[in-house]
Structures are given as structure tokens and as C-alpha cells.
Amino acid sequence: MNSYRTINRALAGVAFLVTFITYAMTLQPSVPFWDCGEFSAAATWQQVPHPPGAPLWLIIGRVFQLLIPSNDPGWSLNLFSAFCSAVTAGLVYLIVVQAIERWKPFREGGGIASYLGTFGGGLIGTLAFTFSDTQWFNSVESEVYAGGTTLIALLMWLIMVWDSKHDKPGHERYLLLIAYVCWLAIGIHLL
């Protein structure tokens, strides 16, 4: 079980890296058209964009701009979107693997062949999500959808973790964390 968990986490990291490198290589070089310029300016000067706003996105985006110095603040915020989407890809991998595990649970003693299909399915699902047009388009520009998708994936993963531990003591902490992430999501986008 230990090697299963290690390989699973390593492949989630691979999904993150492949996604981040892909999006970073195809990143918008500066401020794209439409709302992206507004979000870049609002994050840089900590102002209010069009209603309903995105205060959490702008605060975290500004921190990211300060951590990743660049001559173009729009590029830094675009990179933040790519980072959020890479985190989403890692979470999507974990979600797909857990979904496959519910259908066909892992059994020890079968060797790598016993979980090759599970990990392969997780990677195929994640890469299909990563290279989908809508996800890619929203991941290379400074839009709130990348952060919103990250929180949706985090919620789905937390729900699946809670479901696997719902009969154990302390499972309520997952429900509280799920509620907390739901409220945080309002500060990014009203999905």
C-alpha cells in the first residue's frame, strides 16, 4: 500500500508539472483583451474590478506578483492563472483515481499491473482536461476562472476524501473544511 500511495502522489506531481510547463510555455506575454486587463490592473493596485468583484483572487494574485517579480504585472498574473490550473490538474488526477478506486478497489499483492489501469486512467483523464480548449484558454490569461476551477476541484477532492472516511471519528473536520472552501470561493468567482 505504501508504494501505491507513493506512486499515486508522484503521478499527481507529474500531472501538475506537465500542466504547468505546458501553460507556462503558451502563456499570454502580457495583458490579454477584455476582463484580463481590468483584473491585472485591479490586482496590481488592489482596486475593485467590475461587480461582483473578486477580492480573494486579487489579493492572492498581488501576493503572487510580489513573489514572482516581472517587468510586466500582467504576465505575473497570467502565470498565477497557469499555476492555479496546474494545481487543478493535480487535483483532477487524484479525483479520477479515487473515482476509479470506488469502482475497482486496489488489492495488495498484485504488483504494478494491479494498479496500472487506475493510474493510467487518472493520467489520461487529467491530460484530456488539461488540453481541453476551454481549460487551456482560461489558464494562460489573468482570468478568475482558473482560480475558480481550482477551488471546485479542491471541493470535489475533499468530498471524496470525506466520503472515504465518513464512518471514522473526526470526519466532521472535512465537512467544515468543505464549507470553508465554499465560502472562500465566493471571493474568487460566483460559480
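For the chain, what percent of Cα pairs sit more than 23 Å apart? It works out to 48 percent of all Cα pairs.
Applied to segment 171-188, the Karplus parametrisation 6.51 cos²θ - 1.76 cosθ + 1.60 on θ = phi - 60° returns per-residue 3J(HN,Hα) values of 5, 5, 4, 5, 5, 5, 5, 4, 4, 5, 5, 4, 6, 4, 4, 4, x, 10 Hz, with x for Gly and Pro. Counted residue by residue at 0.36 nm each, then reduced by the alpha carbon distance between them, the extension gain from SER70 to TYR4 reaches 19.8 nm. Accessible area ranking (1.4 Å probe, heavy atoms, ligands and nucleic acids excluded), largest first, for LEU123, LEU17: LEU17, LEU123.
Each Lys and Arg Cβ is given +1 and each Asp and Glu Cβ -1; about its Cα centre, the chain then shows a dipole of about 680 debye. Among GLY125, GLY61, GLY147, the residue with the largest mean-square fluctuation in a Gaussian network model of the chain, with springs joining Cα atoms closer than 10 Å, is GLY125. Computed over the alpha carbons of segment 2-104, Rg followed by Dmax gives 16.7, 50 Å.
Note on SER132 and LEU190: their simple-model spin labels are 2.4 nm apart, each label 7 Å out from Cα toward Cβ.
Computed over segment 45-114, the percent of Cα pairs more than 20 Å apart is 53. Computed from Cα positions, the angle between helix 55-67 and the longest principal axis of the chain comes to roughly 90 degrees.
Give me the extension gain from VAL63 to ILE152: residue separation times 0.36 nm, minus the current Cα-Cα distance, reported in nm with one decimal. Numbers along the way, then the final one.
Details: separation 89, 0.36 × 89 = 32.04 nm, distance 2.16 nm.
Gain on extension, VAL63 to ILE152, equals 29.9 nm.
Label separation (ALA24 vs ARG173): 3.3 nm, computed from points 7 Å beyond Cα along the C-beta direction. Over the chain, accessible surface divided per residue gives 55 Å², non-protein components excluded, 1.4 Å probe.
Helix-only mean residue ellipticity at 222 nm, the chain, DSSP H runs n ≥ 4 weighted -39,500 (n - 2.57), per residue, nearest 500. What is it?
Values: 8 runs with 139 residues, N = 191.
-24500 deg cm²/dmol, from helical runs alone.
A simple rule links phi to the HN-Hα coupling: the Karplus curve 6.51 cos²θ - 1.76 cosθ + 1.60 with θ = phi - 60°, which for segment 117-126 gives x, 5, 5, x, x, x, 5, 5, x, 5 Hz, with x for Gly and Pro. Inter-part distance, segment 55-71 to segment 115-161, computed on C-alpha centroids, equals 22 Å.
The values are calculated or read from the model by the stated rules, or taken from the named source; none is laboratory data. Remember, predicted model here, so these are calculated numbers, not experimental data. Cβ: placed from backbone, ideal geometry, glycine included. Neighbour counts: every protein chain shown. SASA here: full protein model, heavy atoms, side chains in, ligands and nucleic acids out. Shrake-Rupley method; radii C 1.70, N 1.55, O 1.52, S 1.80 Å.
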